[in-house]
Amino acid sequence: MGPASMSGEPPRASGPGDGRDPAGREGGDAFAVARRRMVEEQLVAKGIRSPRVLEAMGSVPRHRFVDPGFLGRAYGDHALPTAEGQTISQPWIVARMLELLAAEPTDRVLEVGTGSGYQTALLSRLAERVFSVERVASLLRGAQARLDQLGVRNVALRHGDGSLGWQEFAPYARVLVSAAAPRVPDALRAQLGEGGVLVIPVGGPQLQHLEVWHRMPGDRWRHQRHGECRFVPLLGRDAWRQRQETEQ
């Protein structure tokens, strides 16, 4: 299937005054204060150093991506449930993954697992173009609506199997996977360009390690582990085949 909003065309790069800065001013001072505290107390205090990641986290209104029943906890240091049994990750792990990804302003990024669209919105501030794949159609529609409301224009969404990536716009400078896989899917490795970085949680159903893969010249690979984590499973042809597999 094609992207949710752009009929197969690559997303436009954003520029000044075109909605790239979803600062969340509509949330009022309370949400703005909560975002600043989140950045200072949850991110900086716990070792996040990238100025670009901190700026993005302090600007994108996380409360716009959570269920209305959890607005009071939108900027807390915890994951929150969303629709279809999914979650929006705690702010620190989102920031950590973005810092490890180290996207550049000219990069084309593939995101696997659009979810609520929160991380997608953050990526839109860090990269030139973002291509995001989501297997659950209702989540994709919700994410599209939120991104549209915030005026995010340099993102394209697609309904499909994230473990297969999005070949049409490969190669990507960065690939970020927001669900856990038993191993790195072959298609995602193939779609990462030389010199690129892939960040993914890899492991069993209950516990994973956050892995960073670097594609070196000559199709050589270098990878590192960056601590334990726990994500919802990546379901797909080259990941977990059925949810039952993840419950064993």
Query raised in the report: Residues in the stretch 185-196 that are farther than 17 Å from Glu134 by Cα, of a type in the set (A, V, I, L, M, F, W, C) and crowded, with 21+ Cβ neighbours inside 10 Å: how many?
Result: 1
Query raised in the report: Mind checking which residues of the stretch 123-143 are closer than 22 Å to Pro233 by Cα, part of a helix (DSSP H, G or I) and of a type outside the set (A, V, I, L, M, F, W, C)?
Result: Ser138, Arg141, Gly142
Requested in this report: State which residue is nearest to Tyr172 (Cα to Cα) when the search covers only the stretch 199-209 and only residues that are in contact with a Lys or Arg (Cβ under 7 Å, 6 or more places away or on another chain) and part of a strand (DSSP E or B).
Outcome: Val202
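Yes or no, residue by residue, for (1) small (Gly, Ala, Ser); (2) modelled with pLDDT under 90; (3) under 30 Å from Asp186 (Cβ atoms):
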{"residue": "Gly2", "(1), (2), (3)": "yes, yes, yes"}
{"residue": "Ala32", "(1), (2), (3)": "yes, no, no"}
{"residue": "Ala74", "(1), (2), (3)": "yes, no, no"}
{"residue": "Ile93", "(1), (2), (3)": "no, no, yes"}
{"residue": "Leu98", "(1), (2), (3)": "no, no, yes"}
Requested in this report: Please go through the stretch 34-66 and pick out each residue that is of a type in the set (Val, Ile, Thr), at pLDDT 95 or above and within 23 Å of Arg146 (Cβ to Cβ).
Outcome: Val39, Val53, Val60
Query raised in the report: Does Glu40 satisfy being of a type in the set (Asp, Glu), touching a residue at least 40 places away in the same chain (Cβ under 8 Å) and over 27 Å from Leu235 (Cβ atoms)?
Result: no
Requested in this report: Output the residues belonging to the stretch 213-238 that are in contact with a Leu (Cβ under 9 Å, 6 or more places away or on another chain), assigned to a strand (DSSP E or B) and surrounded by 19 or more Cβ atoms within 10 Å (Cβ to Cβ).
Outcome: Trp213, Arg215
Query raised in the report: Cβ-Cβ below 6 Å, separation at least six or inter-chain, first residue in the stretch 174-194 and under 17 Å from Pro205 (Cβ atoms), second part of a loop (DSSP other than H, G, I, E, B) and of a type in the set (Val, Ile, Thr): which pairs?
Result: Ala179/Val232
Report task. Go through the stretch 200-248 and count every residue that is aromatic (Phe, Trp, Tyr) and modelled with pLDDT of 95 or more. Result -> 2
Query raised in the report: Scanning for something out of contact with any strand residue (DSSP E or B) (no Cβ under 8 Å at 6 or more places or on another chain) and within 24 Å of Phe65 (Cβ to Cβ), does the stretch 153-173 turn up at least one residue?
Result: yes
Query raised in the report: In the set Arg153, Arg141, which member is at pLDDT 95 or above and closer than 14 Å to Val130 by Cβ?
Result: Arg153
Query raised in the report: From Thr114, Thr120, which residue is buried (at least 24 other Cβ atoms within 10 Å of the Cβ), part of a helix (DSSP H, G or I) and touching a residue at least 12 places away in the same chain (Cβ under 8 Å)?
Result: Thr120
Query raised in the report: If you check Val152 against the conditions, is it β-branched (Val, Ile, Thr), outside any loop (DSSP other than H, G, I, E, B) and either in contact with a helix residue (DSSP H, G or I) (Cβ under 9 Å, 6 or more places away or on another chain) or touching a residue at least 24 places away in the same chain (Cβ under 8 Å) (or both)?
Result: no
Report summary line: the stretch 28-105: helices (runs of 4 or more DSSP H) wholly inside it with 2 or more residues that are in contact with a strand residue (DSSP E or B) (Cβ under 9 Å, 6 or more places away or on another chain) and among the β-branched types (Val, Ile, Thr) are 91-101
Query raised in the report: Do we have Ser89 as within 15 Å of Val60 (Cα to Cα), at pLDDT below 95 and of a type in the set (S, T, N, Q) here?
Result: yes
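The values are calculated or read from the model by the stated rules, or taken from the named source; none is laboratory data. Note that this is a predicted model, so its numbers are computed, not measured. Glycine gets a Cβ as well: all are built from the backbone with ideal geometry, and neighbour counts include every protein chain shown.
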